[in-house]
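The values are calculated or read from the model by the stated rules, or taken from the named source; none is laboratory data. These numbers come from a predicted model, not from an experiment. Note: ideal-geometry Cβ built from the backbone for every residue, glycine included; neighbour counts use all protein chains shown.
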Amino acid sequence: MGKHSFSVCVIAVATASSAGALAQTPEAHQVNRHVANPTGILSNVCHLGTVRRNIKSVWIGRPTFNGSGVLYRQRYVLTAAHNVHGNLFSSLRRLRVTCGIGQVVQDGTRIDHLYSRVRTLRGYSFLQTLPGRFRNDIAVVQLPRPICTAGAVSLVPYERSLRGSVSVAGFPGEGGDNGGMNRTRLYRHDGTLLAPAQDYLVSYNAGTERGVSGGPVWIEGPRGPEVIGIHVGPEAGRSFDADTLRQIHDIVNTMEAADPASCGS
């Protein structure tokens, strides 16, 4: 899959990266590694670079941030809502989504299109306190056009009794990455599922870092990788259940009906 980058100049609101209130005591099994040539589900992991205007911009200019997401149905990026939403004290001025490697595709989307291209789960609010803020911390970002070379991604409900190996992937950000707007190196974090801290979370000890928020959380199923949630905080993801998956599918179908685009058109 080639590298595809979409730039969106926006006026909206956004929060800072998720806080560290959910970290659990790590166990022995943690493997974090850079992925130079992503294949399979890793080629569907996207980098989100954002420029925000907030109180920090008074003394450091335009603060930029890294985030992650996973490409679904070739056109929709699932991510953490706090990456693309926020509050009156931190406005999102630019969002750049980059998926895959290779060819760069730029798109100049009008400012007023952001509100039709980003949707969050019902009830998401930055005013909620941690850890309750993560209950609805999932957003869907519609790309201007599909990435037709992208493979399929399977979303499945998370069974709370499930134990065993789990993987998370994303872009934690590194020095020299232009403050978050440029694509940084993709990392895969492998660990073990733990007892969930909340009924809407999937917990693990994969050694994740800031910037991976929004990346996919998956297990190996009988037919390949199965995404069971979206990473939202230290060692925790917002898990998928039947209602969450129904909301995601409804959002995608509504956005597609309002602005249809297909690989055959």
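Mind listing whichever residues of the stretch 105-141 are closer than 22 Å to Ala236 by Cα and modelled with pLDDT under 85?
If the condition is that a residue be closer than 22 Å to Ala236 by Cα and modelled with pLDDT under 85, then Ser125, Phe126, Leu127, Gln128, Thr129, Leu130, Pro131, Gly132, Arg133 are the ones that fit.
Search the stretch 212-250 for residues being touching a residue at least 40 places away in the same chain (Cβ under 8 Å) and farther than 23 Å from Gln198 by Cβ, and hand back the single one that is surrounded by the most Cβ atoms within 10 Å (Cβ to Cβ).
Result: Pro225.
Given the conditions (1) modelled with pLDDT under 95; (2) in a strand (DSSP E or B); (3) within 30 Å of Ala261 (Cα to Cα), and given that Trp218 satisfies all but one, which numbered condition is not satisfied?
If we test Trp218 against (1) modelled with pLDDT under 95; (2) in a strand (DSSP E or B); (3) within 30 Å of Ala261 (Cα to Cα), just (1) comes out false.
Could you pull out the residue among Glu226, Glu256 that is assigned to a helix (DSSP H, G or I) and among the charged types (D, E, K, R)?
Details: Glu226 fails: assigned to a helix (DSSP H, G or I).
Exactly one residue qualifies, and that residue is Glu256.
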